[in-house]
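Following: one structure in structure tokens, then a few remarks.
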Amino acid sequence: MAARTGFTTEPNVTPMIDVLLVLLIAFMVMVVQTRHTMDVQLPQPCQGSCAENKGIVLEVLAGATYRVNQQPVAHDALQRFLTNLYRQRPVKMIAVAGRAGASYNDVIEAMDIARASGVRVISAVPKGL
């Protein structure tokens, strides 16, 4: 049988498979690095009397006005009020509720003020509660 000489019409797929594998590995690494997570704490069922474990709710109303457990608090006094409230509490949790007319910026600012006051866990109250 005579040796074949000249060009072949069959493509060499080995370099294409190498490039494909490199791209696959690169995309797998990028997906793992771009994954964003959020820590979530679910409420625990109440053991015994639930009245003594009453949480603190910070309501953000229209016009950057606030209520803490139904007590009105001025914007300038909010951080001082929360700092005094949490000074003796071992559990530093607060629920933030944005009411109708409150802007997103006001709610985020309230969360920042709560964090600066010593609150460690901030939860959001679902709409309608």
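The values are calculated or read from the model by the stated rules, or taken from the named source; none is laboratory data. None of the values given here were measured: they were computed from a predicted structure. Glycine gets a Cβ as well: all are built from the backbone with ideal geometry, and neighbour counts include every protein chain shown.
General observations
- Residue in the range 56-74 that is of a type in the set (S, T, N, Q) and surrounded by 17 or more Cβ atoms within 10 Å (Cβ to Cβ) present: yes
- Hey, residue 71 more than 18 Å from residue 127 (Cβ to Cβ) and without any contact (Cβ under 8 Å) to a residue 24 or more places away in the chain or not: yes
- Hey, residue 95 part of a helix (DSSP H, G or I), within 23 Å of residue 127 (Cα to Cα) and at pLDDT 80 or above or not: no
- Scan of the range 78-93 for residues that are closer than 17 Å to residue 112 by Cα and out of contact with any Gly (no Cβ under 8 Å at 6 or more places or on another chain), ordered by number: 78, 79, 80, 81, 84, 85
- Among the residues listed as 16, 28, the single one being assigned to a helix (DSSP H, G or I), loosely packed, with under 11 Cβ neighbours inside 10 Å and at pLDDT below 90: 16
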